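Taken together, the values in this text are just the output of simple stated rules run on the coordinates, not laboratory data. As the structure is a computational prediction, the values presented were derived from the model and not from experiment. Every residue, glycine among them, receives a Cβ derived from its backbone with ideal geometry; neighbour counts consider all protein chains shown.
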Amino acid sequence: MVITESIISDRQSTDLMLQVSNLNVYYGESHILRNVDLSIPAGQMVCLIGRNGVGKTTLLKTIMGLLSPRTGNIFFGDRSITKLTPDRRAKSGIGYVPQGREIIPRVSVKDNLILGLEAKPEGRKSQESIPEEIFELFPVLKTMLSRMGGDLSGGQQQQLAIARALMGKPRLLVLDEPTEGIQPSIILEIEAAVKRIIAETGISVLLVEQHLHFVRQADRYYAMQKGGIVASGSTAELTQEVIQQFLAV
Amino acid sequence: MSTLIEGLFNGISIGSVLLIAALGLAIVFGLMGVINLAHGELMMLGAYATFVVQNVFKPLGEPWFSFYIIAAIPVAFIVSAIFGLILERGAIRFLYGRPLETLLATWGVSLILQQFVRSVNWLLIICLGIFCLLFFGGMQLLKSRADWESMRTKIVSLLLPLAAGVAIAFYFLLSQNSALTNAWFSARNVDVTAPAWLRGGVEVLGFQMPYARLFIIALTILCLMGVYWFLQRSAWGLRIRSVTQNRTMSSCLGIPTAKVDALTFALGSGLAGIAGCAVSLLGSVGPNTGQNYIIDTFMVVVVGGVGNLLGAVIAALGIGILNYLIGSGTLALFLTTISAPQSMIDFFLFFATSSMAKVMVFALIIIFLQIKPAGLFPQKGRTAEL
Ligand SMILES: Nc1ncnc2c1ncn2[C@@H]1O[C@H](COP(=O)(O)OP(=O)(O)O)[C@@H](O)[C@H]1O
Ligand SMILES: [Mg+2]
């Protein structure tokens with residue numbers, strides 16, 4: 001009892017959407033994440049940068065509950081989600097757009113979107129429709145509702161993955177390299193959509209990204225190296241030096 | 001000629017039973033990668049459930065007794081589904097991702113279920129009830145304690161022998177009472193008699209099509225349509241398809257995968273129960289009934305290609321028909337009538353018993369799998385399509 005109280009009192013401000021503290025994660029015996037601390041203020045966009053293989057995806061998977069940390073705590077809003085299963089975390093308001101998009105392949109685009117409703121806390125009603133805002137953000141999806149998810153192009157799948165995450169009306173959107181392997185014109189579309197989502201819903205965002213242009217949209221950045229956070233600050237102060245060191249430009 | 005058609009028809013009706021059972025097996029395998037060796041015993045439970053329903057309806061007299069088989073279908077489904085659910089919650093969910101252990105565990109369960117129907121009596125049920133009441137009731141009561149997590153192993157190791165002890169004590173206390181110790185079914189086979197409207201048949205092209213077999217075929221078509229509708233149209237069906245195709249992402253979307261697993265396992269087991277209900281119309285029912293069908297059911301899944309509805313239909317009908325045509329000697333007889341070479345007739349006569357027919361079908365399947373290792377309709381990639 002004493003321990004949990006002290007943890008709660010340690011967290012000074014309650015307007016943090018997500019707080020990760022002292023996270024250590026292993027794949028088998030290899031130590032991937034080392035004492036990671038990271039927090040996302042409510043309504044802000046935070047960007048995590050770092051070269052390939054430093055552990056960014058591992059951190060996001062741990063936040064979603066796909067990997068369990070050996071030590072450390074994850075707070076979402078004002079409660080600890082460290083012990084929850086991924087589906088409970090999604091239901092508590094985290095929308096996840098994974099690296100590689102992970103569209104359900106042999107299910108139609110419409111059903112992929114409907115599956116996004118599973119994350120609503122009250123669950124999914126049987127006859128729900130897709131809100132018009134989704135198509136305003138991603139018009140291309142409207143023409144493809146009956147296609148199989150696996151038949152879409154990479155850019156379309158990425159848009160579908162973001163739209164699917166938004167269907168559950170999350171409070172935190174977690175995006176893992178949403179522009180990886182996507183043609184430049186679509187990258188701009190995706191960037192604009194994310195910007196618009198933030199402006200319209202006030203959602204908090206955790207973004208892993210390699211494109212400097214996109215990184216600059218964020219309020220704050222964290223830089224990762226060899227599984228640890230080595231620098232952080234406001235993106236306005238993002239120096240050329242840091243960029244050289246942590247972004248594969 | 002008419003014997004050949006008759007053989008085809010009988011083969012199709014046996015294939016239908018295989019198909020219902022294989023559907024359940026394939027759905028479960030596609031979703032969880034679990035090979036359930038107790039599937040045959042779940043069929044057997046469905047058949048016994050049909051027998052019990054028949055006996056319950058018998059004293060009700062005529063207009064009612066005719067329809068017992070209609071009532072038996074949902075009862076068989078529910079009984080097998082409940083046993084399947086207990087099996088999943090009690091054992092299989094702890095073994096996900098460990099196929100060999102799962103295979104062993106479900107095989108053990110199949111032996112337990114066979115012995116269970118041999119020796120089940122009121123006394124056994126009462127003692128099982130007492131044990132469950134004490135053990136699970138006690139667990140529920142103690143769960144509210146604050147230090148539950150840390151005390152868990154201690155409580156279990158105390159409660160388990162205690163509950164078992166009380167249950168066993170009751171067993172010996174009551175074992176003098178012969179009304180309680182009479183076995184319900186005993187080890188001998190029991191017979192389900194088809195209601196009057198399923199006896200007899202229609203005459204088509206000079207041979208009798210038994211109503212009972214037509215009923216089984218109709219039941220199979222209904223089950224197929226029902227499963228298709230459930231998977232393609234219902235909310236839980238969409239969840240099941242999603243988890244089958246991408247388990248981790250499904251859980252990140254908020255789908256409770258443990259619930260989906262349990263539900264799917266119950267559905268697959270329930271289908272085995274319906275298959276058992278159909279089996280009871282084909283012949284007498286015993287503790288080994290499941291064993292007779294399980295191998296053929298596996299063959300259907302393997303030949304059809306895992307998780308493929310159309311493949312399963314074709315494979316089930318093919319295996320059912322081949323088994324019957326060869327095993328009953330129909331093929332040999334047919335060859336005689338068209339005066340085929342004597343050596344060929346002798347060859348098929350040699351295989352014209354039901355066990356030798358199985359040998360031949362098995363050999364054919366092995367040859368087939370050499371040519372198409374992934375079954376009739378191989379899946380592209382890792383995903384299973386239903
Ligand atoms: N499934 C896995 N098993 C073992 N090691 C892994 C696995 N996935 C990733 N890793 C290792 O963890 C490290 C971090 O990977 P990842 O988090 O994917 O990096 P990033 O997303 O920053 O490119 C890498 O060294 C990688 O080799
Ligand atoms: Mg990555």
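For this structure, a couple of remarks:
- Within segment A:134-154, the set of residues being more than 14 Å from every other protein chain (Cβ to nearest Cβ) and in contact (Cβ under 8 Å) with a residue 24 or more places away in the chain comprises A:I134, A:L137, A:F138, A:L141, A:M144, A:L145, A:R147, A:L152, A:G154.
- Count - residues of segment A:80-110 that are facing chain B (nearest Cβ under 7 Å), closer than 12 Å to A:L160 by Cβ and either surrounded by fewer than 19 Cβ atoms within 10 Å (Cβ to Cβ) or under 14 Å from the mean Cα position of the chain (by Cα) (or both): 1
- All positions within segment B:331-364 that are of a type outside the set (A, V, I, L, M, F, W, C), more than 17 Å from B:I319 (Cβ to Cβ) and in a helix (DSSP H, G or I): B:T336, B:T337, B:Q342, B:S343, B:D346
- When segment A:35-67 is filtered for residues that are surrounded by fewer than 16 Cβ atoms within 10 Å (Cβ to Cβ), within 15 Å of ligand 1 (Cβ to nearest atom) and in contact (Cβ under 8 Å) with a residue 40 or more places away in the chain, the ones remaining, listed by number, are A:R51, A:N52.
- Reported count of residues in segment A:115-128, each being at the interface with another protein chain (Cβ under 8 Å from one of its Cβ atoms) and over 16 Å from A:P170 (Cβ atoms), is 1.
- For segment B:36-68, the candidate set comprises residues that are farther than 20 Å from B:S119 by Cβ and charged (D, E, K, R); within that set, the residue that is nearest to the chain's Cα centre (by Cα) is B:K58.
- Segment B:240-287, residues that are of a type in the set (S, T, Y) and either free of Cβ contacts under 8 Å to residues at least 40 places away in the same chain or not in a helix (DSSP H, G or I) (or both): B:S242, B:T248, B:S250, B:S251, B:T257, B:S284
- Filter pass, B:S269 being within 30 Å of A:R88 (Cβ to Cβ) and within 14 Å of chain A (Cβ to nearest Cβ): no
- Any hit, segment A:119-127, residues being surrounded by 15 or more Cβ atoms within 10 Å (Cβ to Cβ) and either in a helix (DSSP H, G or I) or within 16 Å of ligand 2 (Cβ to nearest atom) (or both): yes
- Sole residue being surrounded by fewer than 19 Cβ atoms within 10 Å (Cβ to Cβ), part of a helix (DSSP H, G or I) and away from ligand 1 (no atom under 16 Å from the Cβ), chosen from A:K195, A:K169: A:K195
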